[in-house]
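Everything on this sheet refers to the single structure shown next.
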Amino acid sequence: MAMIEDEETLLAFIEESLEHMDGIESDLLTIEENGEDIDEDLVNKVFRAVHSIKGGAGFLGLERVKEVAHAAENLLNLVRNKELVPTPERISILLETFDLLNSLINDAQNSNEVDVSQQIFALKKAVASSEEISDEEAAASDDANLITLGIPDHPDLFSINKVELAQHLKGGNNLYILEYDMIKDIEQKDKTPLDVINDLIQTGNYLDSKVDTEKVGHLEDDREEMHIPFFALFATIMDTDILTGFVGLDESCIHSISLDMMSQADSASPAETVTSTTAESTAAAAPSPEPAATEPAPAPAQPAATAEPAPADVKPKKSGGLPPAKKMVKDSSLRVNVKILDNLMTMAGELVLTRNQLVQAVTSDNQQGIDTVSQRLDLVTSELQEAIMSTRMQPIGNVFHKFKRVVRDLSKSLNKQINLIIEGEEVELDKTIIEAIGDPLTHLVRNSVDHGIELPETRVMNGKNAEGLLRLSAYHEGGQVIIAIEDDGAGINTEKLKEKAMVSATYDRAQLDGMSEKELAKLIFMPGLSTAEQVTDVSGRGVGMDVVHTNLTELGGVIDIETAPGAGTTITIKLPLTLAIIPSQIITAGRDRFAIPQVNLVELVRIPAAQVKERIEKIGSALVMRLRGELLPLVSLCDALEIEKIYIDAETEKTLTDRRTNIADRRGISHELEEDQEAESADIQEDNDERRASSDRRVSPASAYNVVVLSAGDFHYGLIVDSLLDSEEIVVKPLGGHLRECKAYAGATIQGDGRIAMILDVVGLSNIMNLSTVAENVKNKMQQQESRVKGGEDSQTLLIVQNTPEEQMAIPLGLVSRIEKIKTTDIEITGGRRNIQYRGGSLPLFSVDEVANVGHYEDENANCYVVVFPIGGKEVGILMSEILDILDTNEKVDDISHRQPGILGSMIIFDKITLLVDLYGVVTAVMPEWALLTTQGGEDGKGEGHNVLIVEDSKFFMNQITEFVAESGYNTLQAEDGVCALQVLEENHVDLILTDIEMPNMDGLELTRRVRADERWHKLPIIAVTSVAGEAAEQRGREAGVDAYLIKLDREQITSKMQEYLTA
Amino acid sequence: MAETAAHNSNMRELALFKVNDMICGLDTSLVQEINKQTDITDVHLAPDYVRGVMNLRGEIATVIDLRTKFGLESLEINDEMKVVVVRQGTENIGLLVDSVSDVVMADSNEISPPPSNVSGVTGIFFDGIYTMEQDLVAVLNVDELLKITD
């Protein structure tokens, strides 16, 4: 057996071969896709890969690899010459062949013992099946077609297939046998035989190589005289003299093989001439060259010692403690772009320079110099860090590509039709993550194909395209990478999952009934629930899904699942870019500092002391926080970690222990505190002092709450912290074994000052505090609220403002162009009207109380806010004392109780009556001439006679719109949904439609489609008015055939558009 | 005995330190270093006997409070206190002690098994008792001491 002694050469071969095979799978699949229409470059690429594998394997004595590669090469050659069509069957065989090659090469040491005859047979059969196309090619696989080539000294060096040879000689190639000397020409030139072969492959057609072992010198031979011939069979278009220069060999060592010789050799019986040498000599020769060259002494003994027949030696001794090849390849090396490396070198150079400067500055005690250098050091270090990180980054395409094959093979065996779409291959992730996500992703993809996407018949029956869609995508979002696996299959049957969860007794019925679809779907990640037998029977998903979940969580990933029965499943995985260094927010609680990974961070919220009462409340025993109409479980980090609470006394500046225990009800507690103090303190003076100190503390900015909103996978929660420090890039250090049970921490980091900050495990923390249950309760409450609120009205985005501290008002955000904070002193009063100099012009200011009977706006604060919006082609501002929030609401508008000029109606927001401001009403009431400006079209009578159909389900908006459309001089017709609208259209002449989008029975989009489809009305202008703004919504509207897409209550835009369409 | 000490295979070098009023000994071959710096960061929710973590030249080392481990009240950090760093597997662990006093050579033969009255809960932490001229030294069993419990 050929013991492979030369580790380096072998390793180089393995690495290179694996690299060659890297992209082959996808190439083959593309070739398959192209079918008869062959992309020659692509086939050539695959062909070359196999060819060089064959070459290297032959040289190293990896006989089986060589045989398989050779057979594959034959098949590919025929494909390349368009003599064979790459049918799916053939591609399958080739794919299997590459799998085999891969495993053979990975375990190169033992590859010669592997039985490959079946694969070779399959390959030959694939070639043979083309016999009817070309007899000649079929013969290519026949052994009888071997011819023997040689040079005078070695008449039977190579035996080669005639057809193959003919292929190589196409295009006027000359055939040469190059005689290298292992020592003189290779070793002493610092090359390896593999390098030589590679050089040859790049310049021509390399066919085969061989080492003459018999010539290997003896121990006692003078080194000078020793020579080990290394022959290479090479076809090229180059002449002998050019070739001499190229390969660096003496002319005497380049043997040109003429066709005569070939025919001569041909006449000899190939079988016999070959036997003696080829097989064994290549095998036996392999080990000798390198040792012979590097350490001539033991070399001569080698051939004899290892000359046992190749396959006989079943278990080769691992000489020299060589670890199994597979392991060596795995993480031994990494390819780095030379550019990056150069860049690194430059930066290393700069670092040295900076150090020199630093030393100099320190020695000369030059403070300014030190400052400059430290800045520079900061710059260089971060650049260096970035560059080094980039060497670890690899495109996710490396992982995605293998799924083409997985999906293809699986769908074939399952008789499914699947269209795999891959997006975002270029997204880069840390090498370790790339390596680790392969398996979990494969699991998920397999699940989608196996259980998600239905059989074509079922799909067609359900009115879907027979071909299923599987989309794999990756993209960046907020410093993380998101990977989504999306299928349009059957979805997860949550009902059945529920039953199974009942059986496994992890949850009781009440719990399960309370779960949302999403949470139920997430059950598949539960261990025990998702063992193969159990869940595959049931929902069809969950084979090892808990393992997937665990693996991804270990990587710092967050996994999310969304499923709709019959419509498909989407699984999203959020991953950090890298594991070693993570951007984090540093916070404090008590006397300690903590780091929170940005990955988990959603937002930072500060709740001013004044708002604590309305924004923080209790559900049961748990705290919740209101955030833009949503309720979030809230927990104090001090409570969660049992940290002693502290505060800094405003007067003494001493750090004291905080005695407050209740967050939500501050008033009650401060009262209690006072009582406490009164009881304790006899001295009245002291008491007063204390009280002042305590009240100071409570209204000072320091008593506001800092809340960090965190994402714990399927829900968000708020964490109250004492203060927020910087956001920093931290290096994660593991914790010792004794702290492994502390689920609240993900590790620790050492900060610039040498102190340690613990890294919080956001999910672990939520488990400790049992927040998912809280989240559950909160959601239930929200749902109740929602169902109470639901009146079929679509949601609106409102700007919540304060006119006076007691009076809350709302303005539809869509109408607002900007909000400006101004100094009250900047307001000028000209001609009895308030103005402010603004962007080089003057901005007229109004307040709601000028028109409506509301609280009087006073310019008493130093600052106030101006809500700027356009009217009549110019901008005006409405004064407000405070901006509170922006929120989405579908709260019903009460347009009766508070209706008055300037006020459209009222609604309840934050448990307060909130007046909806009529911006136009305010302005036009004060400046009636501006109203004329905006509705001029109507006044001119142009609008007259035109019928405008208004389709709107909300009574409030209907009234609003009707009013100003009528004001503009148009006749109005009303319909409360799409169905009614069509009826009205049938019965009346309509010149223009103004329609809402969200409506019961038939929505605005559907209405538009119907109208457009009807010949009578297909040119009718349609304006969509909606509160759902946004690019995507607008796009959908346009697709349906809407002419313009406007915001409800944007009277100005709507009238001008109407005018535009009706006068056109 | 003294002159042959270093070469006698029966001799063990013990680092002596105090925990409360008890003198403890630890084979110096087990001690990585003795650290004066006692800037220890609290780890909330950690097991009681874990005093916290410290920055040991860029690594995070867990610090175990031997007082708590022996069932005693733990003390506020003071200048006398030291951290004896020992290695467990791939990890360095600090043992917080009241003070470090000496290194002595002890004849293994003179280390007797712990008398029955020091058995009980904390008894498992001792390998034996070494009798010096005036004091008794409790030789610690590091493996038992570092066992992960909660």
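Just so it is clear, none of the values below were taken in a lab; they were calculated from the coordinates. Predicted model only: the values in this text are computed from it and were never measured. As a convention, Cβ positions derive from the backbone with ideal geometry for all residues, glycine included, and neighbour counts pool all protein chains shown.
Structure summary
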item: Theoretical FRET efficiency, 1/(1+(r/R0)^6), r = Cβ-Cβ of A:Glu630 and A:Ser252, R0 60 Å, to 0.05; result: 0.10
item: Sorted by Cβ density within 10 Å, fewest first, the residues A:Cys253, A:Cys864; result: A:Cys253, A:Cys864
item: Per-pair calculated FRET efficiency, R0 = 30 Å: A:Ile886 and A:Asn853 via Cβ, rounded to 0.05; result: 0.65
item: Difference of contour (0.36 nm per residue) and Cα-Cα distance, A:Glu1060 to A:Asp726; result: 114.9 nm
item: Rough spin-label spacing in nm, given labels placed 7 Å along Cα→Cβ, for A:Ile237 and A:Glu477; result: 5.3
item: Pairs beyond 20 Å (Cα-Cα), from A:Lys416/A:Lys500; A:Lys412/A:Lys518; B:Lys18/B:Lys69; A:Lys464/A:Lys500; A:Lys912/A:Lys955; result: A:Lys416/A:Lys500; A:Lys412/A:Lys518; A:Lys464/A:Lys500; A:Lys912/A:Lys955
item: ³J(HN,Hα) computed for each position of region A:44-52 - Karplus, 6.51 cos²θ - 1.76 cosθ + 1.60, integer Hz, glycine/proline x; result: 4, 4, 5, 4, 4, 4, 4, 4, 6
item: Using a Förster distance of 22 Å, the FRET efficiency for A:Asp195-A:Ser103 (Cβ separation, nearest 0.05); result: 0.25
item: Extension reserve of the A:Asn863-A:Val338 stretch, reckoned as 0.36 nm per residue once the Cα distance is removed; result: 183.2 nm
item: 10 Å Cβ neighbours from other chains, averaged over peptide A:738-748; result: 5
item: Sequence-separation-based contact order of region A:344-468, relative, with Cα cut under 8 Å and 6+ spacing, percent; result: 24
item: Label-zone membership for region B:41-68, site A:Glu741, 7 angstrom Cα→C-beta point, backbone N under 13 Å; result: B:45-50
item: Virtual spin-label span in nm between A:Gln837 and A:Asn988, 7 Å along Cα→Cβ; result: 5.3
item: By average C-beta atoms within 10 angstrom, highest first, the peptides A:115-121, B:64-70; result: B:64-70, A:115-121
item: Region A:966-1035, relative contact order [Cα under 8 Å, separation at least 6], %; result: 31
item: Cα gyration tensor shape of region A:935-1063, rounded if a/c is under 1.5, else prolate or oblate by comparing a/b with b/c; result: rounded
item: Rounded if a/c under 1.5, otherwise prolate or oblate - region A:396-576, Cα gyration tensor axes; result: oblate
item: Residue list for region A:707-745, given a label point 7 angstrom along the Cα-to-Cβ vector of A:Lys645 and an amide N cut-off under 18 Å; result: A:707-708, A:718-724
item: For chain B: relative contact order, % (alpha-carbon pairs under 8 angstrom, 6 or more apart); result: 27
